[in-house]
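Heads up: the structure comes next, in structure tokens.
The values are calculated or read from the model by the stated rules, or taken from the named source; none is laboratory data. The structure presented is a predicted model; accordingly, all values stated were derived computationally and were not measured. Every residue, glycine among them, receives a Cβ derived from its backbone with ideal geometry; neighbour counts consider all protein chains shown.
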Amino acid sequence: MVHKIVNPPNHLAIIPDGNRRWSKKSRFNLFVGYKLGIKKFIDVSIWAKELGISNISVWALSTENIKNRSKKELNTLYMLYTKASKDPNILKLLKENRARIKIIGNKSILPKNLIEALMLLENKTKHYKDLTINILVGYGGKDDIMHAIKKVVRKKIRGEITRINYDIIKENLRTAILPDADLIIRTSGEMRTSGFLPWQSTYSEFYFSEKYWPNFEKEDLRKAVETFSKRNRRFGK
């Protein structure tokens, strides 16, 4: 049992990197790596709850992934996400932990059957309040800001708003429901954000793990959260 930590992050965000490299190193096909990666989404969310974290966001698929990866690889991911959203074991875990799923991203660039399955999962879990798991799929930071700007401009033209400020832009982001990220973890040794939550990460603390995502375990999460809890956050002061 993982014990709660004093001063844990309110909102934990994760870039779960390294599924493909783990598959290659372990001599498994990509299907296995991605399947384990999806299971890890849920495991880490439950571990986070045990540490006292109630809001977690996981980057499941970026707009850049959709543009640059092969159709075969994307179809594998789409199939696995669709299957996972209907998995009775996952649904049971979510119910036991009173965890709701929120799907965030550009749904217009995703297959219809995937969106239907993900939105059904969101609807099935919408009454749970103990833990929120935000799954960012078809999401990119630049795309999110461009989406908000276009919406704001249309509203300004129609006379629905009289001025444009930070609050107006924020409330028109696809990620508008997300609070600022307190801690962002990226796995696999990569030390960059790749456009992840640019609006919400202005004062985020970052933690980079050398482990590939399928190898990221409970004690790795605890170490990251403990490191965060000891940092002095000055917020520009």
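Could you please find all residues in segment 94-106 being buried (at least 16 other Cβ atoms within 10 Å of the Cβ) and either without any contact (Cβ under 8 Å) to a residue 24 or more places away in the chain or not polar (S, T, N, Q) (or both)? Of everything in segment 94-106, those that are buried (at least 16 other Cβ atoms within 10 Å of the Cβ) and either without any contact (Cβ under 8 Å) to a residue 24 or more places away in the chain or not polar (S, T, N, Q) (or both) turn out to be Leu94, Ala99, Arg100, Ile101, Lys102, Ile103, Ile104, Gly105. Lys86 meets the conditions (1) surrounded by 14 or more Cβ atoms within 10 Å (Cβ to Cβ); (2) touching a helix residue (DSSP H, G or I) at 6+ places or on another chain (Cβ under 8 Å) in every case but one. The failed one is (1). Against the criterion of being in contact with a Gly (Cβ under 7 Å, 6 or more places away or on another chain) and aliphatic (A, V, I, L, M), Val153 does not qualify. Considering segment 215-237, and only residues there that are of a type in the set (S, T, N, Q) and not in a loop (DSSP other than H, G, I, E, B), the residue that is surrounded by the fewest Cβ atoms within 10 Å (Cβ to Cβ) turns out to be Thr227. Taken across segment 177-188, residues that are free of Cβ contacts under 8 Å to residues at least 60 places away in the same chain and not aromatic (Phe, Trp, Tyr) do not occur at all.
Report whether or not Ala181 is modelled with pLDDT of 95 or more, surrounded by 13 or more Cβ atoms within 10 Å (Cβ to Cβ) and out of contact with any His (no Cβ under 6 Å at 6 or more places or on another chain).
No.
Residues in segment 119-133 that are acidic (Asp, Glu) and in a helix (DSSP H, G or I): Glu122 only. So which residues in segment 190-204 are more than 16 Å from the chain's Cα centre (by Cα) and in contact (Cβ under 8 Å) with a residue 40 or more places away in the chain, if there are any at all? Selection gives Glu190 alone. Filtering segment 198-214 to residues that are part of a loop (DSSP other than H, G, I, E, B) and within 14 Å of Trp59 (Cβ to Cβ) leaves Pro198, Gln200, Ser201, Ser204. Only one of these conditions is not met by Ser54: (1) touching a Leu at 6+ places or on another chain (Cβ under 8 Å); (2) free of Cβ contacts under 8 Å to residues at least 40 places away in the same chain; (3) of a type in the set (Ser, Thr, Tyr). Which number is it? Here Ser54 meets the rest and fails (2). Scanning segment 145-160 for residues that are surrounded by 15 or more Cβ atoms within 10 Å (Cβ to Cβ) and either aliphatic (A, V, I, L, M) or at pLDDT below 95 (or both) gives Ile145, Ala148, Val152. Among residues of segment 220-237 that are without any contact (Cβ under 8 Å) to a residue 24 or more places away in the chain, those with a Cβ under 8 angstrom from a residue that is in a loop (DSSP other than H, G, I, E, B), sequence gap 6+ or separate chain, pair up as Asp220/Ser209; Asp220/Lys211. One residue is enough: does segment 156-166 have a residue meeting the conditions touching a Ser or Thr at 6+ places or on another chain (Cβ under 8 Å) and either in contact (Cβ under 8 Å) with a residue 24 or more places away in the chain or in a loop (DSSP other than H, G, I, E, B) (or both)? For segment 156-166, residues touching a Ser or Thr at 6+ places or on another chain (Cβ under 8 Å) and either in contact (Cβ under 8 Å) with a residue 24 or more places away in the chain or in a loop (DSSP other than H, G, I, E, B) (or both): absent.
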